[in-house]
Structures are given as C-alpha cells and as structure tokens.
Amino acid sequence: MKSNSCSTPFATIAPYYDRLMSFVNYPSWVAYIEKIITLSSINEKTIFDLACGTGVCLKLWSDKGYGVIGLDKSFDMLQVSREKLLQRDDFLLINGDMRDFHLGRQMAIITCLYDSLNYLLNEADLLRCFRHVNDALRDDGIFVFDMNTIHSLRDEWGNNTFQRRDEGLFSVWSNSFNPNDNISSLSITLHVRRNGQEMVFGEFHQERGYALDAIEALLREAGFTCSLYRHLTFSPATENDLRIMGVARK
C-alpha cells in the first residue's frame with residue numbers, strides 16, 4: 001500500500017472527484033439556472049463559471065449550445081475539465097483565484113456552484129469575490145450561486161466521520177465544526193486500487209457557513225441586489241435550509 005498525503009484541496013483527489021460526486025444531480029442544477037436565465041429575459045449564450053472544478057456543468061451547458069468559460073484555482077481540476085471539453089469549439093479555461101480575477105470582458109451570466117463560495121473563510125475574501133463578479137457582470141446580467149448554510153455545516157456535517165463507497169472508491173470523511181467561526185474542517189482519506197496496488201490519498205478542506213443576512217449585506221456592499229432561495233426552488237431561503245441559492249443583479 002502506498003500513501004500520498006496532500007493537504008492542498010482538489011489536487012490528488014481531482015481524477016476521482018467525479019466518481020465521488022456521482023450522487024449529485026447536476027442536470028437539475030443546470031435546468032434550474034436555465035429557468036432563471038429565461039425568466040430574466042437573457043438571450044446571451046455564454047456562461048462564466050467560477051470554481052468550475054472538473055467541468056461537469058460546463059459540459060452540460062456546452063451540450064445545450066452555450067459557450068463556456070471556466071475559472072478554477074486548481075490546475076488538477078482544470079485538467080479534468082479540459083478533457084471533457086477538448087472536442088468542443090467554444091470554451092475557455094482559466095487557472096485563477098475567484099477572489100482576484102480580471103476577465104477583460106463583461107458577461108451576462110456568471111455562476112459559482114456546489115458550495116465553492118463556502119471555501120472563502122472570511123467576509124473580506126467573500127466581499128472581494130463579489131466585487132470582482134460585479135466588475136465582470138453586465139448591467140443586465142445575473143450572478144447565480146449556491147452556499148451551504150451554517151445549519152448544514154454544524155448539524156448535518158457536524159463532528160462526524162462517514163465512510164463511503166462510490167464506483168469502486170472507498171473514502172473516509174472526517175468532519176469537525178468550530179462554532180466560534182462557523183468553519184467546518186474536513187479530512188478526506190481516499191483508497192484507490194491502481195495497477196494492482198492500493199493507493200491512499202489524503203486531503204484537507206475547510207468551509208465556512210455564513211448567516212443569510214451577512215451574505216445579503218456583503219452582496220449589497222459589492223453593488224448587488226439579491227434574492228436568496230431554498231435550493232433549486234423559488235421559495236425564500238431560511239437558516240434551517242441545508243443549501244441556499246442566490247440570484248444577484250447589479
């Protein structure tokens with residue numbers, strides 16, 4: 001058995017990420033956002049996805065005829081994304097930080113999905129991200145995002161250890177929650193059989209939960225108006241939801 005300890009999120013785990021997330025119904029996320037695009041009377045056919053990861057949603061958008069731009073801090077995740085899009089004509093992948101990016105053009109549709117914003121562990125970083133999104137968004141555009149709630153990180157993830165099997169992978173997920181800063185710390189240990197050997201990878205992740213009024217206040221400070229909804233609905237979000245969606249406009 002070979003062990004490879006890595007504290008950098010989304011590095012060694014990147015080739016296995018899609019299998020670990022195989023339970024996520026990404027087409028329903030894309031369908032929900034497309035409904036928002038229609039309701040917003042946006043005819044633009046290019047989407048800019050922050051923290052695009054392995055590009056599952058980028059490929060789904062591309063299949064629907066959209067041009068796609070993805071930005072991610074992890075070069076390893078972008079490599080997986082690139083493999084999905086190599087046969088496509090209209091895509092651009094950027095290795096960059098969602099707290100500090102300059103796209104050089106304004107977009108009508110910007111997304112940031114699957115609790116990526118929770119990886120920003122203080123309000124200053126979250127505000128920086130919102131301000132850069134505002135700069136990159138057209139006046140008639142929309143910014144659609146999701147976030148895990150404090151309730152989700154504190155009460156659902158909590159201080160628990162889970163074991164999972166996903167398409168031939170065995171993984172152990174050990175969570176701890178700090179109520180002083182609402183930060184959840186996660187250690188993932190992934191066991192993979194490759195070339196007849198068992199490989200063990202480790203990664204360390206942290207997410208912070210934010211109160212809904214804090215999210216709204218930071219968006220206002222960045223120049224947005226915003227509606228927060230229960231995940232994949234148009235019902236108002238509450239602190240008791242596990243995940244919320246946000247639709248922000250300038």
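The values are calculated or read from the model by the stated rules, or taken from the named source; none is laboratory data. No experiment lies behind these values; they were computed from the predicted model shown. Neighbour counts run over all protein chains shown; Cβ positions are idealised from the backbone, glycine included.
Could you tell me which numbered condition residue 114 fails, if it satisfies all but one of (1) assigned to a loop (DSSP other than H, G, I, E, B); (2) more than 16 Å from the chain's Cα centre (by Cα)? Unmet for residue 114, out of (1) assigned to a loop (DSSP other than H, G, I, E, B); (2) more than 16 Å from the chain's Cα centre (by Cα): (2).
Only residues that are within 24 Å of residue 166 (Cβ to Cβ) and of a type in the set (D, E, K, R) were counted in region 24-63, giving 3.
If you take the residues of region 162-175 that are in contact with a Ser or Thr (Cβ under 7 Å, 6 or more places away or on another chain), at pLDDT below 95 and not polar (S, T, N, Q), which of them is surrounded by the most Cβ atoms within 10 Å (Cβ to Cβ)? Restricting to residues being in contact with a Ser or Thr (Cβ under 7 Å, 6 or more places away or on another chain), at pLDDT below 95 and not polar (S, T, N, Q), the top hit is 166. Taken across region 105-122, residues that are farther than 21 Å from residue 66 by Cβ and modelled with pLDDT under 95 do not occur at all. Considering 195, 178, the condition of being over 22 Å from residue 26 (Cβ atoms) and loosely packed, with under 13 Cβ neighbours inside 10 Å is satisfied by 195 alone.
Taking residues in region 235-250 that are under 16 Å from residue 211 (Cα atoms), and partners anywhere that are of a type in the set (A, V, I, L, M, F, W, C) and part of a strand (DSSP E or B), the pairs with Cβ atoms closer than 6 Å and at least 6 places apart or on different chains are 237/228; 237/244; 244/147; 244/228; 246/145; 246/226; 246/228.
Criterion applied to 54, 111 was being among the polar types (S, T, N, Q), without any contact (Cβ under 8 Å) to a residue 60 or more places away in the chain and in contact with an Asp or Glu (Cβ under 6 Å, 6 or more places away or on another chain), and the one residue passing it is 54.
Assessment of region 215-227 against the conditions (part of a strand (DSSP E or B) and either more than 20 Å from the chain's Cα centre (by Cα) or surrounded by 15 or more Cβ atoms within 10 Å (Cβ to Cβ) (or both)) yields at least one matching residue. Apart from one condition, residue 89 fits all of (1) on the phi < 0 side of the Ramachandran plot; (2) in contact (Cβ under 8 Å) with a residue 40 or more places away in the chain; (3) in a loop (DSSP other than H, G, I, E, B); the exception is (2).
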